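Here's the structure we're looking at; comments come further down.
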Amino acid sequence: MKPKLSPLLWGILLIVIGTLILLQTLDVLRSAISIVWMVLFAVAGIGFLSVYVADRQHWWALIPGPVLLAIAAVILLSETAPRWENAIGGSLVVGAIAISFLLIYALHPGFWWALIPGGVMASVTLVTLIDAFNLPIDGGVVVLLGIGLTFVLLSFVRSEEGERMWWALIPGGIMLLIGLFVAAEQVALAGYVLPAVLLIVGIYFVLRGVRTRNAPPPGGPD
């Protein structure tokens with residue numbers, strides 16, 4: 001049996017086409033071919049999302065769905081607000097990729113790996129926005145801190161066996177340390193921030209080691 005489009009999808013599709021035709025009539029849109037591409041990307045994005053809605057096992061459909069919708073939004077901006085398209089067009093697409101992976105984890109908590117590309121792409125999205133609005137923030141520092149925080153947050157997630165993934169603290173801590181060092185160096189504080197971070201981390205490991213040595217053996221006293 002061939003799959004059929006649901007009435008909801010048909011309704012959304014007709015609303016989108018009708019709106020685009022109206023915008024073309026009012027000279028809001030400059031190019032008819034843009035309407036065609038916009039509709040194609042929007043329909044394809046909605047189609048992938050409907051595939052997931054119909055069968056949640058098709059989690060992969062959550063990746064192209066938001067991305068294709070974001071591309072359709074970029075085309076719409078290029079026709080209605082070119083300045084905004086030039087400023088945030090790339091951010092919309094990269095942000096959609098981040099949202100795709102974060103959706104996969106939100107809807108399928110067992111797929112903890114999706115947090116890694118989701119966090120990385122979210123960091124890249126922030127960098128594109130920083131560049132777009134010429135903010136006085138180092139994009140490299142944002143990426144380092146973003147990736148570090150992603151792995152730190154991952155350490156709080158439990159695997160399918162119910163254990164926390166403590167290993168994520170290693171790459172997370174390293175990336176955060178590098179990011180803080182680079183940020184501090186730019187404001188001439190590296191001589192203070194780096195020793196402070198090392199002292200804090202060192203004290204943490206010392207206290208953890210003392211606590212482990214003083215802990216009673218697993219079997220307890222005979």
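The values are calculated or read from the model by the stated rules, or taken from the named source; none is laboratory data. Since the structure is predicted, the reported quantities are computational estimates derived from the model, not experimental observations. Protein only, heavy atoms only, side chains kept; ligands, DNA and RNA dropped before computing areas. Shrake-Rupley method; radii C 1.70, N 1.55, O 1.52, S 1.80 Å.
Some values worked out for this structure:
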item	result
The stretch 89-153: C-alpha gyration tensor shape, a/c 1.5 cut-off, then a/b vs b/c	oblate
Vicinal HN-Hα couplings computed from phi for the stretch 88-93 (Karplus, 6.51 cos²θ - 1.76 cosθ + 1.60; Hz; Gly/Pro x)	10, x, x, 5, 5, 5
Percentage relative contact order, the stretch 50-123, counting C-alpha pairs under 8 Å, at least six apart	27
Accessible-area composition of the stretch 27-177, carbon plus sulfur, in percent [1.4 Å probe]	73
Residue order for ARG56, ARG83, ARG211, ARG164 - accessible surface, 1.4 angstrom probe, largest first	ARG83, ARG211, ARG56, ARG164
